[in-house]
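Trainee: Okay, handing you the structure first.
The values are calculated or read from the model by the stated rules, or taken from the named source; none is laboratory data. Keep in mind it's a predicted model, so treat the numbers as computed, not measured. Glycine also receives a Cβ, built like all others from the backbone with ideal geometry; neighbour counts cover every protein chain displayed. Heavy atoms of the whole protein, side chains included, go into the accessibility calculation; ligands, DNA and RNA do not. Shrake-Rupley method; radii C 1.70, N 1.55, O 1.52, S 1.80 Å.
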Amino acid sequence: ATERSTYLDLAKMDWEPSPFPGVWNKVLYEEPSGRRTILTRFEPGAKLPRHRHVGLEQTFILEGSLVDDDGECTAGNFVWRRPGSVHRAWSPNGCIGIFERPNEFLEQPDRA
């Protein structure tokens, strides 16, 4: 890190489990306010329960695809949603993407 820049070697960072089965995270940036940028990996079939985006949702998919009730975001594409948006998300075949958080989860994780 320098006074102006912080470089992360993602290959040296461990994937951290999330509360949701098959969803793993690497926190890339975090502020005391709770704003975070996260690299997230979904295993095939992994899903997030119904949740509300506290702020603007921004998602960039690097590999695979992420699906919700509005459509599918595929590798190399970006989707954003307005603050307060509520949806579920899942990845039929797995994916890796960059997400901005936080979310307010409205349902408990599906442990089945």
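Trainee: Quick one: divide the alpha-carbon radius of gyration of the chain by 2.2 N^0.38 Å and tell me what you get.
Mentor: Relative to the rule-of-thumb radius for its length, the chain sits at 1.06.
Trainee: Could you give the radius of gyration (one decimal) and Dmax (whole number) of the Cα atoms in the range 20-84, in Å?
Mentor: For the range 20-84, the Cα-based Rg and Dmax read 12.2, 33 Å.
Trainee: Work out the length of the dipole vector of the chain about its Cα centre, built from +1 on the beta-carbon of each Lys and Arg and -1 on the beta-carbon of each Asp and Glu, and round it to the nearest 20 debye. It would help to have the intermediate numbers written out before the result.
Mentor: Details: 14 positive and 17 negative charges, 29 e Å.
So the dipole magnitude of the chain works out to roughly 140 debye.
Trainee: Quick check: at a probe of 1.4 Å, how many percent of the accessible area of the chain sits on carbon and sulfur atoms?
Mentor: Using a 1.4 Å probe with all protein chains present, the chain comes out at 50 percent carbon and sulfur.
Trainee: Over the chain, what relative contact order in percent results from Cα pairs under 8 Å that are six or more residues apart?
Mentor: Rounded, it is 30 percent for the chain.
Trainee: Let me ask another. In the range 1-95, which GluC sites (Glu not before Pro) are in a loop and have at most 13 other Cβ atoms within 10 Å, using DSSP for the loop call?
Mentor: Answer in residue order: E3.
Trainee: Out of all Cα-Cα pairs in the range 50-95, roughly what percent, to the nearest whole number, are more than 14 Å apart?
Mentor: Counting pairs separated by more than 14 Å, the tail of P(r) holds 46 percent.
Trainee: If you build a Gaussian network model of the chain, linking Cα atoms that sit under 10 Å apart, which residue out of P92, P102, P32 swings the most?
Mentor: Judging by the Gaussian network model, the answer is P32.
Trainee: Of R36, R4, R88, R82, which has the most accessible area with a 1.4 Å probe, and how do the rest follow in descending order?
Mentor: So, going from the largest accessible area down, we get R4, R82, R88, R36.
Trainee: Per residue, how much accessible area does the range 28-112 have with a 1.4 Å probe, in Å²?
Mentor: 58
Trainee: Expressed as a rounded percentage, what relative contact order does the range 1-52 have, with Cα pairs under 8 Å and six or more residues apart?
Mentor: 28
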